[in-house]
Amino acid sequence: MGAGIIGIGRYLPERVVTNFDLEKMMDTSDEWIRTRTGIEERRIAPDDIDTSDMAYFAAAKALESANISAADIDLILVATVTPDRPFPSVACMLQERLGATKAAALDISAACAGFIYGMVTAKQFIDNGAYRYILVVGVEKLSKIVNWNDRNTAVLFGDGAGAVVMAPVSEGRGILSFELGADGTGGKHLYQDEYVMMNGREVFKFAVRQMGESCINVLEKAGLSKQDVDFLIPHQANIRIVEAARQRLELPEDKMSTTVRKYGNTSAASIPISIVEELEAGKIKDDDLIIMVGFGGGLTWGAIALRWGR
Ligand SMILES: CC(C)(COP(=O)(O)OP(=O)(O)OC[C@H]1O[C@@H](n2cnc3c(N)ncnc32)[C@H](O)[C@@H]1OP(=O)(O)O)[C@@H](O)C(=O)NCCC(=O)NCCS
């Protein structure tokens, strides 16, 4: 048996903020944002919808799609750097709201690589037989920690949530290999003080190098090659960064998710949001080899090679 994804769900706030809207708020332009980042618009949550609300909306859909009830869940892992408050964790708030009474619950802090860290953590409990159903959520309300007067960062981010239910799946399906990594010496390049602070050029260089390396590493660990990859879901930070990963894998354009155009960088939420988008678009089918790869503040990174299907 492998550990794979048996249910998915996502939530995106209704309010769309376009680059033209941002032009009215700060000294920027649609042309600058599109050419430097690929982003055209992003979703911003209203004041009365916090991180745990978005997590709940996405998680409820994932449970429905997995056809299990909240009482079946053994563990809830929520990847986020924008919890409602330092504690209780978003995972505990979600446990109460779902009524997942038997589930253990904790948040994972690995910034934009958090969802990959969450899936890899879930895999360990499934592989060793301790737990059967694990809810993994990536959720961020970045709009509350972005300085709306800082054009260097404000144009990049968006709000949203994605969730998956992980469980044992058929032999040969699920997570085939993974890589996790961290380099605390790079923490100074991307962090939160009061607001998100970023050295864009340093993060860019790190991301381009690490995304490509990690994709190749998980393929090698799984005994597979670039030619075997059916679809790439990179963390949606910036179109130029994800393009570099695509070129490293020599994949055609239509074999990679580029939801960053519509949703901006939603940090830990971007990979699960993209999974839902691409499944609904019919881009992912049973037995496809999917590579997911992320990087973020910490610095952190992670990648997974996954054979889709239950
Ligand atoms: C942030 C980023 C898009 C900037 O792109 P870039 O190509 O490095 O930008 P450049 O160096 O060409 O341009 C910087 C200039 O644009 C200006 N600028 C920055 N943001 C701007 C904006 N929103 N609108 C207009 N001008 C802007 C800067 O003030 C700077 O001007 P200066 O040269 O007069 O000082 C890029 O570095 C990046 O994507 N980095 C990674 C960020 C990331 O992914 N973070 C999240 C990781 S999870």
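The accessible area of ASP183, taken with all protein chains in place and a 1.4 Å probe, comes to roughly 60 Å². In region 76-135, inverting the average of 1/r over every pair of distinct C-alpha atoms gives 11.9 Å as the Kirkwood radius.
Taking other residues whose beta carbon is less than 15 angstrom from the beta carbon of GLN227, and scoring Lys, Arg as +1 and Asp, Glu as -1, yields -1. Over all directions, the projected convex hull of the C-alpha atoms in region 188-235 averages 4.4 nm² in area.
Just want the answer: with Cβ charges of +1 for Lys and Arg and -1 for Asp and Glu, which residue in ALA154, SER109, THR185 is farthest toward the dipole's positive end in the chain? It is THR185.
Computed over every Cα-Cα pair of the chain and binned at 10 Å starting from 0, the pair-distance distribution P(r) comes out as 7, 30, 37, 21, 4, 0 percent. Averaging Cα coordinates gives a centre for region 1-58 and one for region 105-162; these two points are 14 Å apart. Note that region 174-307 presents 40 Å² accessible area per residue, ligands and nucleic acids not counted, probe 1.4 Å. Volume per residue of the convex hull around the Cα atoms, evaluated for region 12-142, comes out as 128 Å³.
The alpha-carbon of LYS188 sits under 26 angstrom from the alpha-carbons of these lysines, leaving out residues fewer than 8 places away in its chain: LYS141, LYS144, LYS205. Accessible surface computed residue by residue for region 49-139, with neighbouring protein chains in place and a 1.4 Å probe, gives 39 Å² per residue. Nonpolar atom fraction for the chain, defined as the carbon and sulfur part of the 1.4 Å probe accessible area, stands at 47 percent. Using heavy atoms of the protein chains and a probe of 1.4 Å, the accessible area assigned to ARG34 is about 100 Å². Between ARG173 and GLY2, the built amide H atoms are under 5 Å apart, and every one of these is 5 or more places off in sequence or on another chain. Taking all protein chains together and a 1.4 Å probe, the residues ARG132, ARG261 rank ARG132, ARG261 from largest to smallest accessible area.
Among DSSP bridges having both ends in region 61-215, what percentage is antiparallel? Round to the nearest 5. That works out to approximately 50 percent antiparallel. Using Cβ point charges alone (K and R +1, D and E -1), the dipole size of the chain about the Cα centre works out to roughly 380 debye. When a/c is below 1.5 the answer is rounded, else prolate if a/b is larger than b/c, else oblate, so apply that to region 174-307 with a ≥ b ≥ c taken from the square roots of the Cα gyration tensor eigenvalues. Prolate shape, in that a/c is at least 1.5 and a/b is the bigger ratio.
The values are calculated or read from the model by the stated rules, or taken from the named source; none is laboratory data. Everything numeric in this text was worked out from a predicted model, so none of it was measured. Glycine gets a Cβ as well: all are built from the backbone with ideal geometry, and neighbour counts include every protein chain shown. Ligands, DNA and RNA are excluded from the accessible area calculation, which covers all protein heavy atoms including side chains. Shrake-Rupley method; radii C 1.70, N 1.55, O 1.52, S 1.80 Å.
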